[in-house]
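What follows is a set of notes on a single structure, which appears directly below.
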Amino acid sequence: MPDRATTVRSRHPRLTSGLVVGALVVPLTLTLPVLSAPAVQHRPVTPKVERLALQGIDAGAERRLTPVPPHAAGTTVRSSGGRGRLAVLTAERTVKPFRLLGLTWERDAVPPQAVWVRTRVDRTWSPWEELEPGEDGPDAESAEGTSARAGITPLLVPGADGVQVRVETADGRAPSSLRLELVDPGSSPADGVAPPRAASSASAAAATPPIVTRAQWGADESLRDAPRYTSTVKVGFVHHSASSNSYWQRSGWTSADAAKDIRAIYAYDTLSLGWSDIAYNFLVDMAGRVYEGRAGGVDKPVLGAHTGGFNTDTFAVAALGNLDTARPSSGLVDGIARIMAWKLGLFHRDPLGSSVLTSSGGGTSRYAAGVKVTVPTIAGHRDVGATACPGGYLYPYLPGLRSTVRAYQGAALYDPTASSSLLLTNSGLPLTVVARTPMTQTWRLDVSNADGVVLRTQTGTSSGGLVQAAWDGRDSRGSVVLPGPYRLTLSSGTTASSAPPWTGSVTVASPEPPPVPDLHPVFWQPGVRVINGREWSTTCRLYTLDGAIRCWVWAKASYLVQTSSGWVSEYGYRLVDVTYYDWVRPAWELDPRAVDGTWTQGGVSMKTECVFVGATRTRTCRAYALQDVPLRFISSSGRPYVALVPTWVLSTIVYLAERPAG
């Protein structure tokens, strides 16, 4: 994504007093959503970003600067002294009122060793406060990560109109294009209006919690890029915004303050850092209100920029505030638990389980690119990143949070898996679907065709916390279904709650076309004909050795053929299961394949099975070849695996011999 800040930076003159002042007003794209009810109209709010390019040391400020920046007890200063050489020191400067400040620099520049700021609110200057290094972010090698700027974790200072900055680096030189970002998120008549409670979903125990949408908190959608998606959700990360607790520590605070803070963070992430959108998928304030973060659908696996190195197949819920300096409220913890229960339930994840993630490296990741890491389903940012996030006061809540999330889920289906995406109707092996459940639950497996018509339904009860369902490729009448795609839907629940359903797909195939429908006399004559809507072909040959005329019957159909590159669809004539012979004289005994038993042909073990069929008690024999067939199974732990199983497979050319019994 282009650095939106860079496009305007050259339009502002450089000053020599230590600050270069410029202002960025983001163009407003007004979109008025149509609302059926509330009197307050939600509308996008355009933030204003004032950029101050930082350079040099103000001589007067340096004379007044003590060797150790003074600070008050309870602030977030992490040490009692400097760590490097003074690179930037500004004078106390009056600026336009802002709510959030941050520092950014070129992504490849050497970062500062320490950054302090002082701010003025209500004509009173604060002590020096040290700013935290930026901890969130996109994956390093992603399109979003390679176009972004580097920066610190922003600081929320509502009502500030003055600022002073001190930066230390290893060599006393400021990082390239260092600048201070001051964000005014603006105001909206809709700020603080509580959203209506979401209706409980009949399909899920963990109903969708009330979520303040992007429209409701005033997101200007023109600031972001199109959302990107991952394949699924395996892990939910808990974060804190690490910015400030000012929005709730003042008496009489409302959700209007939280909405403004979120808009300010959104502007900093997109306009200052150059990210595609706000970093987190969800945010939760101290009252437990849940806010929609990154756009793309709250129920979708939206790729975020929250846990550098581990954004793929994960999502993040951020506590709005600094949980290193304040304890979480019970409402905040409950809000995190409810959104986690709902989101993880949609993707069938066990809150008490874990998943294997592959690090993409970079940023604050503790693991190099390519390293596989086992991560709890509900994890803190510090579990995979070199950071204190989600804060020393919130992180200890995670073990209890996992249990609460599981309780909120109620009935659930964990890690449902189908044994294969391909069902061979003549293999004799059914397709199996397994899933774990947290309690005894009834289940139902529906099989539907491409038109959505349910052809087969099976029900049962999970035994020992395990659902085990099977489908043999037949409909409710017992007939083999036609080759093609089918949809599997597994639902489950108790009398008190129901789990989000799982859906999967399977392709039904028959390497051998269906058998001849009946002993139609035309099959004894060569030629092509249509019977029951299917085209058939009969070929016959006279064998001079025994004077017999043998006829083979072929069906024209679509079928799958296994090749070295996988299953390939073909269309044409293929020998059916039953081949008819018109014997001039009984000569079946001349061929050993027409006798029960095993034999070898071309180094392949063969087997013949003969039975008496029909009113005439005709003897019918079929030949099978012993082959190692790759079959997919489900282990006792519910994980799929593939094994080569020696299996008697109907020979490619089916040999059949007939003679009257006796």
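Key figures
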item	result
Some residue of the stretch 210-223 being at pLDDT 90 or above, touching a helix residue (DSSP H, G or I) at 6+ places or on another chain (Cβ under 6 Å) and closer than 27 Å to TYR393 by Cβ	yes
Test: GLY391 is of a type outside the set (Lys, Arg) and touching a His at 6+ places or on another chain (Cβ under 6 Å)	yes
Top-ranked residue of the stretch 426-444 - restricted to ones that are within 27 Å of the chain's Cα centre (by Cα) and of a type in the set (A, V, I, L, M, F, W, C), ranked as surrounded by the fewest Cβ atoms within 10 Å (Cβ to Cβ)	MET439
Filter pass, GLY353 being under 18 Å from ARG294 (Cα atoms), touching a Ser or Thr at 6+ places or on another chain (Cβ under 6 Å) and not assigned by TED's automatic domain parsing to the domain that holds LEU131	no
SER492 vs. criteria touching a strand residue (DSSP E or B) at 6+ places or on another chain (Cβ under 8 Å), among the small types (Gly, Ala, Ser) and part of a strand (DSSP E or B)	yes
Close pairs (7 angstrom Cβ cut-off, 6 or more residues apart or separate chains): in contact (Cβ under 8 Å) with a residue 60 or more places away in the chain in the stretch 216-234, of a type in the set (S, T, N, Q) and crowded, with 22+ Cβ neighbours inside 10 Å anywhere	LEU223/THR270; ARG224/THR270; ARG224/SER276; ASP225/SER276; VAL233/THR314; LYS234/THR314
Members of the stretch 401-425 that are farther than 30 Å from HIS381 by Cα, assigned to a loop (DSSP other than H, G, I, E, B) and either under 23 Å from the mean Cα position of the chain (by Cα) or modelled with pLDDT of 95 or more (or both)	SER419, SER420, SER421
Condition met for ALA369 (in contact with a Gly (Cβ under 7 Å, 6 or more places away or on another chain) and either crowded, with 18+ Cβ neighbours inside 10 Å or charged (D, E, K, R) (or both))	no
GLY473 being of a type in the set (Gly, Ala, Ser), modelled with pLDDT of 90 or more and either surrounded by 13 or more Cβ atoms within 10 Å (Cβ to Cβ) or within 18 Å of LEU429 (Cα to Cα) (or both)	yes
Selected residue (only one of ALA279, ALA242 is at pLDDT below 95, in a loop (DSSP other than H, G, I, E, B), of a type in the set (Gly, Ala, Ser) and touching a Cys at 6+ places or on another chain (Cβ under 9 Å))	ALA242
Sole residue being within 30 Å of GLU144 (Cβ to Cβ), surrounded by fewer than 18 Cβ atoms within 10 Å (Cβ to Cβ) and of a type outside the set (Val, Ile, Thr), chosen from ALA379, ALA407, ALA386	ALA386
LEU482 among the aliphatic types (A, V, I, L, M), assigned to a loop (DSSP other than H, G, I, E, B) and more than 30 Å from THR208 (Cβ to Cβ)	yes
Some residue of the stretch 142-154 being in contact with a Pro (Cβ under 9 Å, 6 or more places away or on another chain), hydroxyl-bearing (Ser, Thr, Tyr) and within 22 Å of ARG85 (Cα to Cα)	yes
Scope the stretch 476-496; condition hydroxyl-bearing (Ser, Thr, Tyr) and crowded, with 19+ Cβ neighbours inside 10 Å; matching residues	TYR486, SER491, SER492
Sole residue being buried (at least 23 other Cβ atoms within 10 Å of the Cβ), on the phi > 0 side of the Ramachandran plot and either in a loop (DSSP other than H, G, I, E, B) or of a type in the set (Asp, Glu) (or both), chosen from GLY362, GLY304, GLY321	GLY321
Some residue of the stretch 426-433 being in contact (Cβ under 8 Å) with a residue 60 or more places away in the chain, small (Gly, Ala, Ser), outside any loop (DSSP other than H, G, I, E, B) and not assigned by TED's automatic domain parsing to the domain that holds ASP136	no
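For (1) touching a residue at least 24 places away in the same chain (Cβ under 8 Å); (2) in contact with a Pro (Cβ under 8 Å, 6 or more places away or on another chain); (3) part of a loop (DSSP other than H, G, I, E, B), each residue gets a yes or a no:
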site	(1), (2), (3)
TRP342	yes, yes, no
HIS348	yes, yes, yes
SER355	yes, no, no
PRO399	no, no, no
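The values are calculated or read from the model by the stated rules, or taken from the named source; none is laboratory data. The structure displayed is predicted, hence computed values, not measured ones. So basically every Cβ, Gly included, is an ideal-geometry build from the backbone, and we count neighbours across all protein chains shown.
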